[in-house]
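Step one of this worksheet: look at the structure below.
Nothing in this text is a laboratory measurement; each read-out follows from the coordinates by a stated rule. Values in this document were obtained by computation on a predicted structure and should not be read as measured data. Reconstructed Cβ throughout: ideal geometry from the backbone, glycine too, with neighbour counts over all protein chains shown.
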Amino acid sequence: STMTRMEIQGAMRWMPTPGASRASDCGCGTGAWLHEGDCVECAEGLECLGMDEVLVAEGYASDGALSTFECHGNKRRCPGGPLGACAAGRSGLACAECEPGFEAAGDGTCVPCAGGSMVPLVLAALALVLGLWGMYHFISKYNRAKDALSMVMISTLFSLLVTATQHLGVFGTLDLDWAEPARTILSALSLINFDLDVLSVGCVVSFAPATRYLIKISCVVWVIVVMLTIHMLYVLIIYKGGFREHNAALFGSIGAMVFLFFTSMVTMAVAPFQCHPHPNGAKTVQSYPAVLCGESSDHGIM
């Protein structure tokens with residue numbers, strides 16, 4: 001017997017029919033595909049329609065062969081269809097990367113970068129500098145013996161607000177398909193966890209996943225450098241010198257910064273160890289789906 005393509009209830013399907021006259025007319029039935037001369041059960045993430053016609057299921061991606069990766073996180077970047085298919089503007093392992101000159105959109109696709117891609121990055125840098133200056137100014141002027149209790153309450157509430165915001169940003173990294181408006185809110189809050197992709201950095205310059213991770217980790221160092229610069233300028237301009245007398249303000253500011261962003265720093269540090277399994281047996285880093293755990297050079301660098 002063989003199989004013939006027929007229209008069944010408005011859809012074209014392979015149906016068993018008698019009378020195969022050629023070897024090429026023979027193939028595997030629905031739910032199986034030909035592997036080394038034998039018909040084997042269709043793997044997870046694949047749809048075997050019969051006669052070796054194989055499609056990728058929605059929420060999965062293929063590297064072009066009969067090997068599938070589950071698209072953790074935003075499954076809409078993997079619409080399914082022919083082997084190797086990705087959402088518009090995407091490519092790479094598990095459809096995780098945007099094409100050069102594109103940025104991620106909320107619907108799983110990647111869209112061309114709009115003009116003014118540097119603006120979010122510049123505004124974020126200015127906000128960071130102003131925020132660090134405000135922290136240093138508050139700590140340098142703070143006098144526990146003289147200041148009112150209300151100032152202590154305000155600073156405590158602010159630290160709790162920052163900590164809660166970081167926790168919400170961590171929720172955004174969970175393998176869940178958040179509904180709107182939660183998806184947009186969590187994406188915006190991920191900036192406090194040093195997720196630079198929110199600022200469309202990929203539109204300014206394109207980096208490999210390992211380089212993006214190293215830049216993300218180095219943000220902590222750069223923040224300390226900015227705090228040191230603020231301390232030097234503050235002492236020179238406001239106090240006209242006397243670095244040793246005002247070291248307490250510097251140490252207090254760095255300590256407060258480490259306390260406020262401790263959750264973010266821990267989240268960044270453990271990211272390379274959070275790996276997701278896939279139907280083909282491979283594992284990829286949760287935050288960097290294009291990086292194979294234990295197999296790629298990028299993961300070794302991380």
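A compact table of results
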read-out	value
Built amide H within the under 5 Å cut-off of residue 283, gap 5+	293
Trypsin sites (Lys or Arg not before Pro) within the stretch 201-265, DSSP loop, no more than 13 other Cβ atoms inside 10 Å	240
Cβ-based net charge around residue 58, under 9 Å, with every Lys or Arg adding one and every Asp or Glu removing one	+2
Mean separation of Cα contacts under 8 Å, 6 or more apart, over the residue count of the stretch 212-302: relative contact order %	20
